[in-house]
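Comments concern the structure below.
The values are calculated or read from the model by the stated rules, or taken from the named source; none is laboratory data. Bear in mind the structure is a predicted one, so any value in this text is a computation, not a measurement. Heads up, the Cβs are rebuilt from the backbone with ideal geometry, glycines too, and the neighbour counts pull from every protein chain shown. All accessible areas refer to the heavy atoms of the entire protein, side chains included, with ligands and DNA or RNA removed. Shrake-Rupley method; radii C 1.70, N 1.55, O 1.52, S 1.80 Å.
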Amino acid sequence: MSFLVADIGGTKTLLALAQPGPEGWRFEHKTRLTSSDFPSAGDLIRHWLQTAMPEGRPLDGIGLALAGPVKSIDGSVRAKATNLDWPVMDEGELGRELGAPTLLINDFAAIGASLDALEPDDTVTLQPGAAESAGLRLVVGAGTGLGTCAVGPPPRSQLFAGEGGHADFAPADDWQAALAQWVRGQEGRCSREHLLSGPGIARIAAYLQQQSSDTGLAQALQEADPAAAIGALAAQRHAGALQVAERFVSIYGGQLGDLALSALPRGGVFIAGGIAPRWLQHFQTPGFLRSFRNKAPMQKLLEELPLHLIVHSEPGLLGAAVAVHRAVETVGENA
């Protein structure tokens, strides 16, 4: 079986031809495209089919994971990309247009679907906890935005994608409260995503730079990708960039703890997204776990939750493949 799979983000889209096998999934013809270069998902997929897909290769299905809410309306599954000026996508219309059964899935639901296909080396354990095989699992990750998904226990592994990144940010101390007030002055409100994202790293850096007049941070903020520039500075042990990283992972840990208390994911908490693997060393500092656990009187409960960071290079593609494969098999079984 062969599937076209895509992980559509606000900045980039990854596409590949996915094939299941006895040793796991194989991905071929991987391509990275700039999402905003195309007026719609259909145009992007057709471009890939014309330029990267082997001519005459049949497709058993298409799995599209995208950053945005996916919902069923009057029997039709539709989705709207949050950070792209694309028209609403309709699953059935895309399938007819592209010539293969198509599945639309939220990008973090796709990462949730990938959990059962991850190998041991695809995650780094930050806190072993005490995993329960029948427990709920929680995926949270920062990239262009902040995504969330609850995942049921295997073998069904039901997916419940959320939009927890757009909830209001709850400061944990006076410094975070002052930061949130500063962001509200600029954006009108301060959500979790306003701070836990690539743009969020830039906001934290800008706030600190105003207080310190740090020329290194000022220069990094002028780069095309400020978050990447700040990460590079932190790797060089630049004091201001290290402070940004410390504040970012502290906020991340605190908000992750809040989300974990809401869901009680005794099957494990999984950190995903584009930032965490690149900033792994910062997540391995004591400050991150301290912020995650600092929820009196629930510290002990949070210490018992397994906490992992996903380092697989393309979990969205993997999850899109797993999800569309399941969907096609289910249709076949019910035919």
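Please tell me if ALA161 is within 24 Å of the chain's Cα centre (by Cα), crowded, with 17+ Cβ neighbours inside 10 Å and closer than 22 Å to LYS80 by Cβ. Full working, then the answer.
Numbers: within 24 Å of the chain's Cα centre (by Cα): yes; crowded, with 17+ Cβ neighbours inside 10 Å: yes; closer than 22 Å to LYS80 by Cβ: yes.
Yes; evaluated as a whole, the condition is true for this residue.
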Test set (1) of a type outside the set (Phe, Trp, Tyr); (2) without any contact (Cβ under 8 Å) to a residue 60 or more places away in the chain; (3) open to solvent by 30 Å² or more (accessible area, probe 1.4 Å) - PRO128 fails condition number:
(2)
Considering region 248-267 alone, what residues qualify as being over 20 Å from the mean Cα position of the chain (by Cα) and either of a type in the set (A, V, I, L, M) or part of a helix (DSSP H, G or I) (or both)?
none
Can you tell me which residue is farthest from the chain's Cα centre (by Cα) among those in region 270-301 that are more than 29 Å from ALA113 (Cβ to Cβ) and among the polar types (S, T, N, Q)?
GLN299
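Answer yes or no: is there a residue in region 184-203 that is out of contact with any Leu (no Cβ under 7 Å at 6 or more places or on another chain) and over 21 Å from ASN83 (Cβ atoms). Before the answer, list the steps.
If we filter region 184-203 for residues that are out of contact with any Leu (no Cβ under 7 Å at 6 or more places or on another chain), which is where we start, we get 184-191, 194-195, 198-201.
Okay, now just the ones that are also over 21 Å from ASN83 (Cβ atoms), so 185.
Yes.
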Residue list for region 167-185, restricted to those being open to solvent by 70 Å² or more (accessible area, probe 1.4 Å), closer than 18 Å to ALA260 by Cα and either modelled with pLDDT under 95 or not small (Gly, Ala, Ser) (or both):
ASP168
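Is it the case, given these coordinates, that GLN255 is among the polar types (S, T, N, Q) and either modelled with pLDDT under 95 or surrounded by fewer than 18 Cβ atoms within 10 Å (Cβ to Cβ) (or both)? Spell out the reasoning first.
Values: among the polar types (S, T, N, Q): yes; either modelled with pLDDT under 95 or surrounded by fewer than 18 Cβ atoms within 10 Å (Cβ to Cβ) (or both): no.
For GLN255, the condition - among the polar types (S, T, N, Q) and either modelled with pLDDT under 95 or surrounded by fewer than 18 Cβ atoms within 10 Å (Cβ to Cβ) (or both) - is not met.
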Checked against (1) more than 24 Å from TYR207 (Cα to Cα); (2) outside any loop (DSSP other than H, G, I, E, B); (3) in contact with a strand residue (DSSP E or B) (Cβ under 8 Å, 6 or more places away or on another chain), ALA276 satisfies every condition except (1)
In region 302-335, which residues are hydrophobic (A, V, I, L, M, F, W, C) and more than 24 Å from the chain's Cα centre (by Cα)?
VAL328, VAL331, ALA335
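Can you tell me which residues in region 131-154 are farther than 23 Å from GLY68 by Cα and open to solvent by 20 Å² or more (accessible area, probe 1.4 Å)? Before you say what the answer is, go through the steps one by one.
First, the residues of region 131-154 that are farther than 23 Å from GLY68 by Cα: 131-135, 153-154.
Scanning region 131-154 gives ALA131, GLU132, SER133, ALA134, PRO153, PRO154.
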